[in-house]
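S.K.: Below you will find the structure I want to go over with you.
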Amino acid sequence: MMLRIGMLTSGGDCQALNATMRGVVKGLSNSVDELEVYGFDDGYKGLIYGKYRMLTSRDFSGILTQGGTILGTSRQPFKLMREPDAKGLDKVAAMKQTYYKLCLDCLVILGGNGTQKTANLLREEGLNVIHLPKTIDNDIFGTDMTFGFQSAVNIATDAIDCIHTTASSHGRVFIVEIMGHKVGSLTLHAGVAGGADIILIPEIPYDIKKVVSAINRRSKAGKRFTILAVAEGAISKEDAQLSKKEYKAKLAARAKKYPSVSYEIAAQITEMSGMEVRVTVPGHTQRGGSPCAYDRVLSTRIGAGAAESILDQEYGVMIGIVDGKIKRIPLEECAGKLKMVSPKDQTVKAAKQIGISFGD
């Protein structure tokens with residue numbers, strides 16, 4: 001049996017992209033007589049402009065522990081996919097042309113929400129696609145877990161751990177800003193794991209007065225410091241009432257004064273309490289480095305699951321994990337949907353039970 005597959009990694013990078021691709025290729029190599037793997041450079045860009053290379057088993061050897069992506073990646077916004085490029089090229093037609101030119105049996109696409117929407121578009125256009133859920137945000141609908149998430153939780157937790165010692169030495173308020181614009185899973189898990197006292201996430205708008213009163217309570221109880229884990233997309237109750245347009249204008253105005261929401265919160269805490277506040281932003285370190293052991297196992301399972309789906313000729317699906325089992329979820333059921341943190345989530349409930357404030 002002869003198989004030709006294409007692979008690309010799109011959107012932001014993260015740990016375990018390489019581990020997942022390795023799982024797919026090894027899973028297929030052990031089941032078919034001949035396998036041709038075409039890797040597209042820099043995500044959908046490579047598919048659009050026909051930039052690819054044939055990969056061999058050597059390319060997938062020794063990459064289980066390697067972060068980033070051997071194929072490179074780029075962001076190609078879904079909303080612009082049906083718009084011609086600067087030279088008038090029809091991107092969708094160009095992607096289809098590359099696919100058919102290489103006589104691919106299937107295109108394996110690794111990426112997050114935007115990537116998944118384009119994967120679904122290609123499915124609608126008649127291509128055989130399989131999507132593998134990658135993101136440090138764990139916000140992809142239809143799967144309990146995305147690869148990259150646990151590795152990022154570990155790094156963000158380490159950042160909070162390191163702040164604990166300096167915070168206790170100086171008796172200050174510290175804010176650790178965690179990645180996540182729309183969804184707070186990463187901040188929630190790292191905040192709980194790192195022993196943060198206050199966690200602010202986009203799904204639970206905060207009242208700055210309640211945040212300050214939580215800090216004051218700790219001071220009165222003789223605690224020398226307070227640590228806040230704040231998501232990039234944390235939002236106040238006032239701002240949550242604004243329309244999309246008004247909020248966008250508010251963010252533009254804030255950007256002229258503060259680098260991010262954490263610095264605005266820091267200024268408000270100082271103004272209302274007189275306390276010194278320091279902000280730490282681990283930033284892209286959360287997406288870097290080697291995948292943790294959990295992600296290596298998850299990626300291998302998802303990659304092997306993709307190989308099995310290709311062998312079964314079941315396309316147009318995302319390979320996710322549901323209740324601990326690998327599942328094939330139809331793309332039309334999950335594309336374009338965000339998995340948010342519910343304010344009634346058991347982890348949120350447990351955090352509140354042990355005294356963590358969400359500023360609500």
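The values are calculated or read from the model by the stated rules, or taken from the named source; none is laboratory data. Please read these numbers as outputs of a predicted model, since none were measured by experiment. Virtual Cβ from ideal backbone geometry, glycine too; neighbours counted across all protein chains shown. Each accessible area value is taken on the protein alone, full model and side chains, heavy atoms only, with ligands, DNA and RNA left out. Shrake-Rupley method; radii C 1.70, N 1.55, O 1.52, S 1.80 Å.
S.K.: Determine the alpha carbon to alpha carbon distance for each of Lys101/Lys182; Lys79/Lys134; Lys96/Lys248; Lys237/Lys337; Lys210/Lys248; Lys257/Lys339 and list only those over 28 Å.
M.R.: Too far apart for the 28 Å limit: Lys101/Lys182; Lys96/Lys248; Lys257/Lys339.
S.K.: Based on Cα positions only, what radius of gyration and what Dmax would you give for the range 90-139, in angstroms?
M.R.: Spelled out, the Cα radius of gyration and Dmax of the range 90-139 are 11.5, 35 Å.
S.K.: So, with a 1.4 angstrom probe, what is the percent of accessible area on the chain that is carbon and sulfur?
M.R.: Details: 8040 of 16140 Å².
Within the chain, the accessible surface is 50 percent carbon and sulfur.
S.K.: Another question, if that's okay. If you scale each eigenvalue of the Cα gyration tensor by 5 and take the root, what three semi-axes come out for the range 31-186, rounded to whole angstrom and sorted largest first? List each step's numbers first, then the result.
M.R.: Working: eigenvalues 268, 78, 39 Å².
Gyration-tensor ellipsoid for the range 31-186: 37, 20, 14 Å.
S.K.: Now, a different point. In whole percent, what relative contact order does the chain give with Cα contacts below 8 Å and a gap of six or more residues?
M.R.: 24 percent
S.K.: Something else about it: Of Gly50, Gly303, Gly126, which has the largest mean-square fluctuation in a 10 Å C-alpha GNM of the chain?
M.R.: Greatest mean-square fluctuation among the candidates belongs to Gly126.
S.K.: Provide the per-residue ³J(HN,Hα) series for the range 205-221, in order, calculated from phi with Karplus coefficients 6.51, -1.76, 1.60 and θ = phi - 60°, each as a whole number of Hz, with x at glycine and proline positions.
M.R.: x, 9, 10, 4, 5, 6, 4, 5, 5, 5, 5, 4, 4, 5, 4, 5, 7
S.K.: Hey, with R₀ at 56 Å, roughly what FRET efficiency would Asn216 and Met2 work out to, going by the Cβ-Cβ distance, to 0.05?
M.R.: Calculated transfer efficiency: 0.20.
S.K.: Under 13 Å between alpha carbons, and skipping anything fewer than 8 positions from Lys209 in its own chain: which aspartates and glutamates qualify?
M.R.: Straight-distance partners of Lys209: Glu238, Glu271, Asp360.
S.K.: Same structure again: Just how much of His181 is accessible, in Å², when a 1.4 Å probe is used and the result is rounded to the nearest 10?
M.R.: 130 Å²
S.K.: Still on this structure, please answer the following. Ser29 accessible area, nearest 10 Å², 1.4 Å probe?
M.R.: 60 Å²
S.K.: Ignoring ligands, DNA and RNA, what accessible area per residue does the chain give at 1.4 Å, in Å²?
M.R.: It amounts to 45 Å² per residue over the chain.
S.K.: So, one more: Please say if the range 1-115 is rounded, prolate or oblate, where rounded means a/c under 1.5 for a ≥ b ≥ c the square roots of the C-alpha gyration tensor eigenvalues, and otherwise the choice is prolate for a/b larger than b/c and oblate otherwise?
M.R.: Judged from the Cα gyration tensor, the range 1-115 comes out oblate (a/c at least 1.5, b/c at or above a/b).
S.K.: Once both axes come from the Cα atoms, what is the angle between helix 17-29 and the longest principal axis of the chain, in degrees from 0 to 90, rounded to 10?
M.R.: 30 degrees
S.K.: Amide H neighbours of Val279 under 5 Å, counting only residues 5+ apart in sequence or on other chains, H built in-plane at 1.01 Å?
M.R.: Here the answer is Ile175, since their amide H atoms fall under 5 Å of that of Val279.
S.K.: Still on this model: Can you grab the distance from the C-alpha centre of the range 256-323 to the C-alpha centre of the range 20-40, Å, no decimals?
M.R.: Centre-to-centre (Cα) distance: 27 Å.
S.K.: Can you say what percent of the DSSP beta bridges in the chain, counting only those with both residues inside, are antiparallel? Round to 5.
M.R.: Rounded to the nearest five, the antiparallel share is 25 percent.
S.K.: Still on this structure: Going by accessible area, probe 1.4 Å, with all protein chains left in place, what is the ranking of Lys256, Lys223, largest first?
M.R.: Most to least solvent-accessible, the answer reads Lys256, Lys223.
S.K.: So what's the projected area for the chain, the Cα convex hull averaged over all directions, in nm²?
M.R.: 19.0 nm²
S.K.: About the Cα centre of the range 109-238, what is the dipole size in debye to 20, counting +1 per Lys and Arg Cβ and -1 per Asp and Glu Cβ, all else neutral?
M.R.: On the way: 13 positive and 13 negative charges, 148 e Å.
Its charge dipole is roughly 720 debye.
S.K.: Further question: What fraction of the DSSP beta bridges in the range 6-112 is antiparallel, stated in percent and rounded to the nearest 5?
M.R.: On the way: 4 of 10 bridges.
Close to 40 percent.
S.K.: Which shape class applies to the range 98-177: rounded if a/c is under 1.5, otherwise prolate when a/b exceeds b/c and oblate if not, where a ≥ b ≥ c are the square roots of the Cα gyration tensor eigenvalues?
M.R.: prolate
S.K.: Okay, next question. Please work out whether the range 188-299 counts as rounded, prolate or oblate from its C-alpha gyration tensor, where a ≥ b ≥ c are the square roots of the eigenvalues and a/c under 1.5 means rounded, while otherwise a/b larger than b/c means prolate and anything else oblate? Don't jump to the answer; show the numbers that get you there.
M.R.: Details: a/c = 1.93, a/b = 1.19, b/c = 1.62.
Judged from the Cα gyration tensor, the range 188-299 comes out oblate (a/c at least 1.5, b/c at or above a/b).
S.K.: Among Leu102, Leu8, Asn120, whose Cα projects farthest towards the positive end of the dipole of the range 1-123, with charges put on the beta-carbon of Lys, Arg (+1) and Asp, Glu (-1)?
M.R.: Asn120
S.K.: Which value in nm describes the separation of the simple spin-label points at Thr270 and Lys337, placed 7 Å from the Cα toward the beta carbon?
M.R.: With each label placed 7 Å out from Cα toward Cβ, I get 4.5 nm.
S.K.: Looking at the chain as a GNM with Cα springs under 10 Å, which of Ala190, Ala335, Ala266 has the largest mean-square fluctuation?
M.R.: Among Ala190, Ala335, Ala266, the largest GNM mean-square fluctuation belongs to Ala266.
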